[in-house]
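Computed from the coordinates by the stated procedures, all read-outs in this text should not be read as laboratory data. Computed from a predicted model, the values in this text were never measured in an experiment. Every residue, glycine as well, gets a Cβ built from its backbone with ideal geometry; the counts of neighbours run over all protein chains shown.
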Amino acid sequence: MLNIVNGLIVLLLSINVAFASTSTSKTLTDWQTTLPELLNSSPTKLVGKATFSVFIWDIYKSKLSTTSGRFPDKAGSVVYQINYLKNIDSEDLIEKTVEQWQHLEFKPDRYQGYVSQLKSMWPDIKEGDQLAFVTKSGKSAFYYNNQLIGSIDNPDFSTIFLAIWFSENTTQPALRDKLLGIAS
């Protein structure tokens, strides 16, 4: 009996892995392989740019672009690019992302499922690296140094991810204003 149960578990896990792999492959084909290819096929206009600093240390420079040149742009593409000026481990990057979601008072069941996806996508960041987030038609993708590294198809993910910087309750309102072109 135990062998039958173990066999069923292995079968179910195999089906789940096969389904997940098919889903991911299909999802990735929805995106251009490189960020420049994507931007050539779907041009965007700069909304704003800003530098994130902690005390006297610049951590990253970022810029927000959309199809319309305005944010939010629900009908077009949104591209948020971060150029890192410091090294940051992927684990720290994910921890800071979760801290921001907690600050924004998102319930853990809303974001917890994305954490493992981010862990499988995000590499350790070195000074000079770029991580770009692109969303269009309810789907989102990440590009690392212009190369596609993964995507998430749930429209809620793009909402909560962009909220880190663009919510009125962000921890960095001055950065938000610069990215939105409200302040220079």
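Could you work out the Rg to Rh ratio of the stretch 103-181, with Rh taken as the Kirkwood radius (inverse of the mean 1/r over all Cα pairs)?
Radius of gyration over Kirkwood radius for the stretch 103-181 works out to 0.96.
For a 19 Å ceiling on Cα separation, which of these pairs sit above it: LYS63/LYS136; LYS74/LYS139; LYS61/LYS126; LYS45/LYS126; LYS45/LYS74?
Long pairs (Cα-Cα over 19 Å): LYS45/LYS126.
Grab the other residues whose beta carbon is less than 13 angstrom from that of THR171, score K and R as +1, D and E as -1, and report the net.
After counting each charged neighbour, the total is -1.
For the stretch 55-120, state which chymotrypsin sites (Phe, Trp or Tyr not before Pro) are in a DSSP loop and have at most 16 other beta carbons lying within 10 Å of their beta carbon.
Of the chymotrypsin sites (Phe, Trp or Tyr not before Pro), the ones in loops of the stretch 55-120 whose Cβ has at most 16 other Cβ atoms within 10 Å are PHE55.
How large are Rg and Dmax for the stretch 45-112 when calculated on the C-alpha trace, in angstrom?
Rg and Dmax of the stretch 45-112, Cα atoms, are 14.4, 38 Å.
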